[in-house]
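*Asks:* Following this message is one structure expressed as structure tokens.
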Amino acid sequence: MQLFNSFLDGMGRRLSGGCFCGRHHYSDPRLGAALTFSLLVAGQLLMGVLMDHFGTLGIQTQPMSWMRMTGIGLIIAGVVLIRKF
């Protein structure tokens, strides 16, 4: 059973990496490198704040504060500015 679980874990990592590379291969020529990577960072930070708030993966919960939401809002505003200009 442990061998099967490690096989699934390895396949999940490969699939995730393949999706990551494929997504960037598709979006870089269309959006540009700056917008692609700023969207990547904004999405990861937003997901991190949500995971902290709900305590997923067994981590200690940290409630969303207005300072955290302001930071995420500023990052999203930066993404919009990169897109416009």
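The values are calculated or read from the model by the stated rules, or taken from the named source; none is laboratory data. Everything quoted here is computed from the prediction, not taken from an experiment. Note: ideal-geometry Cβ built from the backbone for every residue, glycine included; neighbour counts use all protein chains shown. The area values use the complete protein model at the heavy-atom level, side chains included, leaving out ligands, DNA and RNA. Shrake-Rupley method; radii C 1.70, N 1.55, O 1.52, S 1.80 Å.
*Asks:* Run the helix sum for the chain: -39,500 (n - 2.57) per DSSP H stretch of 4+ residues, divided by residue count, reported at 222 nm to the nearest 500 deg cm²/dmol.
*Replies:* My calculation for the chain gives -29500 deg cm²/dmol from helical runs alone.
*Asks:* At 18 Å minimum axial length over the Cα atoms and a Kyte-Doolittle cut of 0.5, report the qualifying DSSP H helices in the chain, or say none.
*Replies:* 33-54, 66-84
*Asks:* Would you kindly find the accessible area of THR61, with a 1.4 Å probe and non-protein molecules such as ligands, DNA and RNA excluded, rounding to the nearest 10 Å²?
*Replies:* 80
*Asks:* Let me ask something additional. Of ILE82, ILE72, which has the most accessible area and how do the rest follow, probe 1.4 Å?
*Replies:* ILE82, ILE72
*Asks:* Quick one: with all protein chains in place, what share of the accessible area of the chain is carbon or sulfur, to the nearest percent (1.4 Å probe)?
*Replies:* Summing carbon and sulfur atoms, their accessible area is 70 percent of the total for the chain.
*Asks:* Still on this structure, please answer the following. Read through the labelled values (1) 72, 28, 19; (2) 52, 38, 9; (3) 61, 25, 23 and report the label of the one computed as Cα extents along the principal axes in Å from the structure.
*Replies:* Only one listed value fits the structure, namely (2).
*Asks:* With Cβ to Cβ distances under 12 Å as the rule, what net charge do the other residues near CYS21 carry (K, R +1; D, E -1)?
*Replies:* +1
*Asks:* Full extension from VAL80 to SER65: what is 0.36 nm times the residue separation minus their Cα-Cα distance, to one decimal in nm?
*Replies:* Additional length available on full extension: 3.1 nm.
*Asks:* Only four residue types carry charge here, +1 at the Cβ of Lys and Arg and -1 at the Cβ of Asp and Glu. Report the dipole size of the chain about the Cα centre in Debye, rounded to the nearest 20.
*Replies:* With only Lys, Arg, Asp and Glu charged at Cβ, the dipole is about 260 debye.
*Asks:* Another question, then. I'd like to know which of ILE82, MET67, LEU46 lies farthest towards the positive end of the charge dipole of the chain, counting +1 on Cβ of Lys and Arg and -1 on Cβ of Asp and Glu.
*Replies:* Towards the positive end, the residue furthest out is ILE82.
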